[in-house]
Amino acid sequence: MDEHGPIITRAPDYAARANMGHGKFFLSTSHNITNHLCEIDGDTAYCESYTVGGLFWQDGKTTTIAFGRYIDQLERRGGEWRLLTRRCTIEMTADTDASWVYSANVKGFLKPHWSRDDASYQRPVIASTQGERW
């Protein structure tokens, strides 16, 4: 189970729900898991991971950075660790205008795509001047 705010979603359904919400409200997002603490007790693990999420709003003018934690319980099943329950906190957020992404400092960097057009799907990975740029 995954708890993000007031919504609790079964794990198999979470990705579709999250992707729908991100696509509806944001041009792009970036999610980062940073410090991680894990307490293992046999076939059960209790974990806490700090998170940072960057959100580039659909208006193309605003970005939000959200800081929080994942509070997880995992189980070892068939020799593999699997997530049983995830709770998500929001500790703080910061909003700013998105003008920097349009500046000369970013000009020429690849733009992300929420599709197979994203550079992460390219095989082999080749440095190139191809691709949609800022």
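The values are calculated or read from the model by the stated rules, or taken from the named source; none is laboratory data. Everything numeric in this text was worked out from a predicted model, so none of it was measured. Note that we place each Cβ from the backbone using ideal geometry, even for glycine, and neighbour counts take in every protein chain shown. Side chains are part of the model used for accessible areas, which takes the heavy atoms of the whole protein and leaves out ligands, DNA and RNA. Shrake-Rupley method; radii C 1.70, N 1.55, O 1.52, S 1.80 Å.
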- Task: Starting from region 85-102, take each residue that is more than 30 Å from Leu74 (Cα to Cα) and list its partners that are assigned to a strand (DSSP E or B) and open to solvent by 50 Å² or more (accessible area, probe 1.4 Å), counting only C-beta distances under 7 angstrom and pairs at least six apart or across chains.
- Result: Ala94/Ile65
- Query: For region 97-118, which residues satisfy the criterion of being closer than 30 Å to Thr9 by Cα and either of a type outside the set (Asp, Glu) or in contact with an Asp or Glu (Cβ under 7 Å, 6 or more places away or on another chain) (or both)?
  - Reply: Pro112, His113, Trp114, Ser115, Arg116
- Thr63 fails exactly one of (1) closer than 27 Å to Asp117 by Cα; (2) of a type in the set (Val, Ile, Thr); (3) exposed (fewer than 14 other Cβ atoms within 10 Å of the Cβ), namely (3)
- One residue from Ser30, Ser115, Ser103 being under 26 Å from Gln130 (Cβ atoms) and surrounded by 11 or more Cβ atoms within 10 Å (Cβ to Cβ): Ser30
- Message: Conditions first: (1) under 19 Å from Asn32 (Cβ atoms); (2) over 16 Å from the mean Cα position of the chain (by Cα); (3) exposed (fewer than 13 other Cβ atoms within 10 Å of the Cβ). Cys47 passes all but one, so which condition is the exception?
- Response: (3)
- Task: Take Leu110 and decide whether it is in contact with a helix residue (DSSP H, G or I) (Cβ under 6 Å, 6 or more places away or on another chain) and either surrounded by 12 or more Cβ atoms within 10 Å (Cβ to Cβ) or not hydroxyl-bearing (Ser, Thr, Tyr) (or both).
- Result: yes
- Message: Quick check on this structure: which one of Ile40, Ile71 is open to solvent by 50 Å² or more (accessible area, probe 1.4 Å) and free of Cβ contacts under 8 Å to residues at least 12 places away in the same chain?
- Response: Ile40
- What's the number of the condition Gly5 fails, among (1) in contact with an Asp or Glu (Cβ under 9 Å, 6 or more places away or on another chain); (2) in contact (Cβ under 8 Å) with a residue 60 or more places away in the chain? (1)
